[in-house]
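For reference, the structure discussed in these notes is given below.
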Amino acid sequence: MNQPPVLALLGPTASGKTALACELVDALNGEFGVELVSVDSALVYREMNIGTAKPDAAMLHRYPHHLINLIAPTEAYSAADFCRDARGAISQIHQRGNIPLLVGGSMMYVKALFEGLSALPPADAAIRAAIEAEALVSGWPAMHAQLAAIDPPTALRLSPNDSQRIQRALEVYRIAGVPLSSLQTRAATARGIDVAPAFDYPTMTIALLASERSLLHARIEQRFDLMLREGLIDEVGRLRERHQLHPDMPSMRTVGYRQVWQMLEGEISEGAMRAHAVAATRQLAKRQMTWLRSMPEVEAFDCLATSTPEAVTVRTRDWLRMVSGR
């Protein structure tokens, strides 16, 4: 084995990733030192705790996570930032003789880390402003249709209302004259243009998938109701008071926060906010599971099965013993 191993535990929202990751730490640490590395684009934000289902202070004290609470809600954090920070954390964990356990559900981060990240052109303010002006007139679904005509693979994986990513994909095409998907494919096959090389650690990837989508949907609904009881609306209100935020910032486009923002602006009722947030979370989970099913060399387990924690523990322990020669 040329490189030390990495574990990855991935799954859709509400699949129980965090709880299972903590169980794995407890189960494996007698034989292997395991450290958790978050793969979650929402957990990087400080002060955004309830709506991101961030582990509380007591859990983080017992089970420290790398790459949590990195930036303010006014800041942006890219896939390239994640690749840099994740590789740094993995290297440090390996230097301590421990095993990194990547845990999360931000599939764009996973793709960037595992496949490498292409050298995309930098943002162009004028082109970006022009795209925004077009969207104000035509709407983002029309911009999505425009993207589908020039870059079908990218359009296929984006929601028609995902304005941030649609804008970036159109911007890349207008700057480079090449579809975003083409640059990303090139990055996976021609390392010379990578800004982050493809992953070269031996990795076991566990995917938590739901055997009954309706049961996962029920979990999602119950979890969002818990967030509301714990004070999600007040959390968004405090963020608006403390920071100069606007609804197009990446932090406020996070599912749940976006809908509460709309409610606080008087655009929708509280009942509509809840319904929209639950529906958006279900769509997110669907996209996450589609990504996971398309990933090669992934070992899938049913997140709804009571036997899954023990089965995952046994499988990961056996794999670590095999790759470490124990």
request  = Say whether the condition of being part of a loop (DSSP other than H, G, I, E, B), in the same structural domain as ALA19 (by TED's automatic domain parsing) and out of contact with any strand residue (DSSP E or B) (no Cβ under 6 Å at 6 or more places or on another chain) is met by at least one residue in region 140-160.
outcome  = no
message = Of the residues VAL255, VAL278, only one is in a loop (DSSP other than H, G, I, E, B), under 20 Å from the mean Cα position of the chain (by Cα) and within 30 Å of SER211 (Cβ to Cβ); which?
response = VAL255
message = Just checking, does region 197-213 include any residue being at pLDDT below 95 and more than 30 Å from THR313 (Cβ to Cβ)?
response = yes
remark   = GLU299 meets each of (1) surrounded by fewer than 19 Cβ atoms within 10 Å (Cβ to Cβ); (2) not in a strand (DSSP E or B) with one exception, condition (2)
request  = Mind listing whichever residues of region 124-134 are closer than 16 Å to TYR173 by Cα and assigned to a helix (DSSP H, G or I)?
outcome  = ALA125, ALA126, ILE127, ARG128, ALA129, ALA130, ILE131, GLU132, GLU134
message = With over 17 Å from the mean Cα position of the chain (by Cα), surrounded by fewer than 18 Cβ atoms within 10 Å (Cβ to Cβ), in the same structural domain as GLY88 (by TED's automatic domain parsing) and modelled with pLDDT of 95 or more as the only criterion, which of GLU47, GLU35, GLU31 stands out?
response = GLU47
query = Condition test on ARG242, is it modelled with pLDDT under 95 and surrounded by fewer than 19 Cβ atoms within 10 Å (Cβ to Cβ)?
reply = no
From GLN283, GLN288, GLN262, residue being among the polar types (S, T, N, Q), out of contact with any helix residue (DSSP H, G or I) (no Cβ under 8 Å at 6 or more places or on another chain) and either in contact (Cβ under 8 Å) with a residue 12 or more places away in the chain or not assigned by TED's automatic domain parsing to the domain that holds ALA19 (or both) = GLN283
message = Conditions first: (1) touching a His at 6+ places or on another chain (Cβ under 6 Å); (2) part of a helix (DSSP H, G or I); (3) of a type outside the set (A, V, I, L, M, F, W, C). SER91 passes all but one, so which condition is the exception?
response = (1)
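The values are calculated or read from the model by the stated rules, or taken from the named source; none is laboratory data. Keep in mind the model is a prediction, meaning the values are calculated, not measured. Neighbour counts run over all protein chains shown; Cβ positions are idealised from the backbone, glycine included.
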